[in-house]
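Enquirer: The structure follows.
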Amino acid sequence: MRMLAIETATEACSVALFEDGDVIGSFHETIGRGHAERLVPMIADLPGKGRADEIRVSLGPGSFTGVRIGLATARALGVAWGVPVRGYPTLALVAAIAQAENAGPVTVCMNGGHGEWFLQEFAADGLPETKVRSLVPEEARLAARHPVVAGNRAAQLSEGLDSPRRALDILPDASGVASLGERLLTDQLSPIYGRPPDAKLPGA
């Protein structure tokens, strides 16, 4: 079985094609912006133009625009190919990549918005111990539990802590998606924003 993974929730844009759990093609670029322009060509450059029996796509949290681009592309390909599309949490992917390098529980800390950081704790089995929180840096440092911290704000988080932590500077990479457990996957393709939207309805 072939599975296509799409990750666009951060400044990184990546895709990976798996066959029976093994990566047979992947691309990963740190581009900042421009996911809409890069994503489809990256998929087209995969073996068989990325054609798969299942698609997995990041739900966030992260860039609102990036998450929506990934979801829209995954849904369109799912319809075109007649295959199921499943979502996964971005921070869980970061935890899985970190735990492949350093087994054990991990705190994931990623860039949020408006000067805040997304923070979530993961157990040694890769399952979340807490919900995603969007916190100012001082609050994030107080909330961090584990001796290993991973994500693109891991180093900054660790710098302000009294006890030493191992910081793993990690951006999510689609080539790690196959390591996510079944309990982390969902058929409900709703974005995980991690914080309330900036725009509010009048009178709200």
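The values are calculated or read from the model by the stated rules, or taken from the named source; none is laboratory data. Here the structure is a predicted model, which is why all the values come from computation and not from measurement. Neighbour counts run over all protein chains shown; Cβ positions are idealised from the backbone, glycine included. Remember, those area values only see protein heavy atoms, side chains included, never the ligands or the DNA or RNA. Shrake-Rupley method; radii C 1.70, N 1.55, O 1.52, S 1.80 Å.
Enquirer: With an 8 Å cut-off on Cα pairs and a minimum separation of 6 or more residues, tell me the relative contact order of region 118-166 in percent.
Expert: In percent, rounded to a whole number, it is 29.
Enquirer: Another question, if that's okay. If you fit an axis through the alpha-carbon atoms of helix 35-44 and take the longest principal axis of the Cα set of the chain, what angle between them do you get, 0 to 90°, nearest 10?
Expert: 50
Enquirer: Hey, how much of the P(r) for region 22-124 falls beyond 16 Å, as a percent of Cα pairs?
Expert: 65
Enquirer: Which residues' amide hydrogens lie under 5 Å from the amide hydrogen of VAL57, considering only partners 5 or more residues apart or on another chain, with H built in the peptide plane?
Expert: Residues meeting the amide H criterion: ILE6, ARG86, GLY87, TYR88.
Enquirer: Kindly express, to the nearest 10 degrees and within the range 0 to 90, the angle between helix 90-101's C-alpha long axis and the longest C-alpha principal axis of the chain.
Expert: Result, in degrees: 80.
Enquirer: Also, I was wondering about something else. Of the peptides 141-149, 32-40, how do they stack up when ordered by the mean number of other Cβ atoms within 10 Å, highest first?
Expert: 141-149, 32-40
Enquirer: What's the extension gain from ASP22 to VAL83 if we count 0.36 nm per residue and subtract their Cα-Cα distance?
Expert: 20.0 nm
Enquirer: Percent of Cα-Cα pairs per 10 Å bin, from 0 to the last occupied bin, for the chain, please list those.
Expert: P(r) over the chain, rounded to whole percents: 9, 37, 34, 16, 3, 0.
Enquirer: Still on this structure, I have one more. Expressed as a whole percentage, what fraction of the accessible surface of the chain belongs to carbon and sulfur atoms when a 1.4 Å probe is rolled over the protein heavy atoms?
Expert: Values: 5010 of 9590 Å².
It is 52 percent, rounded to a whole number.
Enquirer: Any idea of the accessible area per residue across region 1-129, 1.4 Å probe, to the nearest Å²?
Expert: 39
Enquirer: What are the ³J(HN,Hα) values, in whole Hz, obtained from phi via the Karplus relation 6.51 cos²θ - 1.76 cosθ + 1.60 with θ = phi - 60°, for each residue of region 187-193 in sequence order, with x given for Gly and Pro?
Expert: 8, 8, 8, 9, x, 9, 8
Enquirer: Ok, one more. Normalising by the residue count of region 1-107, find the relative contact order in percent from Cα pairs under 8 Å and 6+ residues apart.
Expert: 27
Enquirer: Please give the helix 64-81 orientation as an angle from the longest Cα principal axis of the chain, in degrees from 0 to 90, rounded to the nearest 10.
Expert: Between helix and principal axis, roughly 30 degrees.
Enquirer: If contacts are Cα pairs under 8 angstrom and at least 6 residues apart, what is the relative contact order of region 61-204 in percent?
Expert: Details: 240 pairs, mean separation 38.9, N = 144.
After rounding, I find 27 percent.
Enquirer: Can I ask one more? Between ILE170, ILE24, ILE192, find the one with the highest GNM mean-square fluctuation for the chain; connect C-alpha pairs within less than 10 Å.
Expert: Per the Cα network of the chain with a 10 Å cutoff, ILE24 tops the list.
Enquirer: Residue by residue through region 166-172, which ³J(HN,Hα) values in whole Hz follow from phi under the Karplus form 6.51 cos²θ - 1.76 cosθ + 1.60 (θ = phi - 60°), with glycine and proline marked x?
Expert: Computed from phi, the couplings for region 166-172 are 8, 9, 10, 7, 10, 9, x Hz.
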